[in-house]
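Below is one structure, written out as structure tokens; comments come after it.
The values are calculated or read from the model by the stated rules, or taken from the named source; none is laboratory data. Small disclaimer: the values here were computed from a predicted structure and weren't measured. With ideal geometry, Cβ positions are generated from the backbone for all residues, glycine too; neighbour counts draw on all protein chains shown. Each accessible area value is taken on the protein alone, full model and side chains, heavy atoms only, with ligands, DNA and RNA left out. Shrake-Rupley method; radii C 1.70, N 1.55, O 1.52, S 1.80 Å.
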Amino acid sequence: MKHRRWIVGLVIAAVALAGLALARPALAAPSLPLARALSSLRGLSDAQFGAVMAWSRTGTPPARPSFPFGPTERAEIQLLDLPPADRVATLQWLRGNGRGALYARGATDDDIGPRRPQNWTPTATPTPNPYRLLTFASATLGNKPVGEIAVLGGFAAVKRDGRGAVICISFKNLATKVARRVVFDFPLRGNHGGELGELQLDRNGEFSPGIDINGWPDLSGWQGGIGHRGYNDNCTSIDQRIASRPLLDATEATYRLVRVDYADGTSWTPATP
């Protein structure tokens with residue numbers, strides 16, 4: 001008798017489980033775009049996948065990559081082009097909210113791929129410097145002083161988008177009298193050596209003999225502003241809304257002294273050829 005009741009119980013349980021299975025709708029397969037996007041993500045290295053994770057947290061939705069040259073950027077664009085529900089589910093997963101939303105879109109663990117190492121932490125891609133350095137060079141051999149002004153150093157940089165430039169210089173007055181004004185021109189040159197344009201620094205102050213008059217020594221110092229604020233006085237810069245061809249093509253900057261005014265009322269200018 002007990003044996004029969006046990007068998008009847010098993011039958012009832014089996015029927016109930018079958019009913020539940022019939023009542024639950026079967027999950028659809030993931031859409032073709034979602035399957036392709038997940039396939040691209042599966043193929044990324046841990047570092048590349050981490051870059052996509054970091055990118056997924058940068059906005060809602062994240063910005064579309066400007067230069068889709070690598071597998072990371074191509075995967076990001078593929079993700080942005082997904083149908084809205086697929087895109088949201090994938091972003092939820094990349095942002096650390098689990099795979100549930102992707103399961104609901106029909107994706108399986110095989111579609112999503114293996115779990116990444118637990119001790120792996122994504123790192124944000126560093127933002128590239130908007131400026132690029134130019135070679136800062138003397139126009140003559142030996143960097144010989146001209147007009148009793150010696151150039152001690154400097155740097156030149158232009159914006160990568162061609163919309164700005166900065167040049168800083170350090171110099172010393174070698175004369176025996178105080179200078180009140182020192183004017184430099186900074187010609188910009190391209191790969192073929194031709195002059196593309198120029199910037200000018202018209203520096204006013206009191207420049208005693210033998211004293212270093214310093215500007216920012218490098219681009220990072222100028223951008224960070226860490227140091228003597230007076231260094232800015234030895235810099236000239238431009239910032240414009242429209243890119244210019246000379247800035248886009250420039251590879252080096254040189255300098256030439258064009259005028260020195262002294263405290264005693266005398267002046268120096270280069271001899272006319």
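If we keep just the residues of the stretch 192-221 that are touching a residue at least 60 places away in the same chain (Cβ under 8 Å) and open to solvent by less than 40 Å² (accessible area, probe 1.4 Å), which is nearest to the chain's Cα centre (by Cα)?
The initial filter retains those residues of the stretch 192-221 that are touching a residue at least 60 places away in the same chain (Cβ under 8 Å), namely 212, 214-219.
Narrowing further to those that are open to solvent by less than 40 Å² (accessible area, probe 1.4 Å): 215-216, 219.
Working: 215: 26, 216: 22, 219: 15 Å.
Checking each candidate, the answer is 219.
Examine the stretch 141-156 for a residue that is more than 30 Å from residue 265 (Cα to Cα) and open to solvent by less than 50 Å² (accessible area, probe 1.4 Å), and state whether such a residue exists. Can you show your working first?
Filtering the stretch 141-156 for residues more than 30 Å from residue 265 (Cα to Cα) gives 141-142, 155-156.
Filter once more, so that each one left must be open to solvent by less than 50 Å² (accessible area, probe 1.4 Å): 155-156.
Yes.
Of the residues that make up the stretch 57-68, is at least one of a type outside the set (Gly, Ala, Ser), modelled with pLDDT of 75 or more, crowded, with 17+ Cβ neighbours inside 10 Å and assigned to a helix (DSSP H, G or I)? Give the steps one after another, and end with the answer.
First pass over the stretch 57-68, keeping only residues of a type outside the set (Gly, Ala, Ser): 57-58, 60-62, 64-65, 67-68.
Restricting the remaining residues to those that are modelled with pLDDT of 75 or more gives 57-58, 62, 64-65.
Within this subset, residues satisfying the condition of being crowded, with 17+ Cβ neighbours inside 10 Å are 62.
Narrowing further to those that are assigned to a helix (DSSP H, G or I): none.
No: the stretch 57-68 contains no residue that is of a type outside the set (Gly, Ala, Ser), modelled with pLDDT of 75 or more, crowded, with 17+ Cβ neighbours inside 10 Å and assigned to a helix (DSSP H, G or I).
Give me the residue from the stretch 116-140 that is over 30 Å from residue 198 (Cα atoms), within 15 Å of the chain's Cα centre (by Cα) and surrounded by 10 or more Cβ atoms within 10 Å (Cβ to Cβ) and, out of that set, modelled with the highest pLDDT.
125
Within the stretch 234-250, can you find the residues that are among the β-branched types (Val, Ile, Thr) and surrounded by fewer than 16 Cβ atoms within 10 Å (Cβ to Cβ)?
Scanning the stretch 234-250 gives 238, 242.
Within the stretch 186-209, track down each residue that is farther than 18 Å from residue 231 by Cα and not basic (Lys, Arg).
Hits for the stretch 186-209 are 187, 188, 190, 191, 192, 193, 194, 195, 196, 197, 198, 209.
Sort out which residues of the stretch 176-191 are within 19 Å of residue 212 (Cβ to Cβ) and either among the charged types (D, E, K, R) or in a strand (DSSP E or B) (or both), and write them in order of number.
The answer is 177, 179, 180, 181, 182, 183, 184.
Would you call residue 86 modelled with pLDDT of 85 or more, exposed (fewer than 13 other Cβ atoms within 10 Å of the Cβ) and outside any loop (DSSP other than H, G, I, E, B)?
Details: modelled with pLDDT of 85 or more: yes; exposed (fewer than 13 other Cβ atoms within 10 Å of the Cβ): no; outside any loop (DSSP other than H, G, I, E, B): yes.
No.
Could you identify the single residue in 255, 262, 231 that is open to solvent by 40 Å² or more (accessible area, probe 1.4 Å), aromatic (Phe, Trp, Tyr) and farther than 19 Å from residue 160 by Cβ?
From the options 255, 262, 231, the qualifying one is 231.
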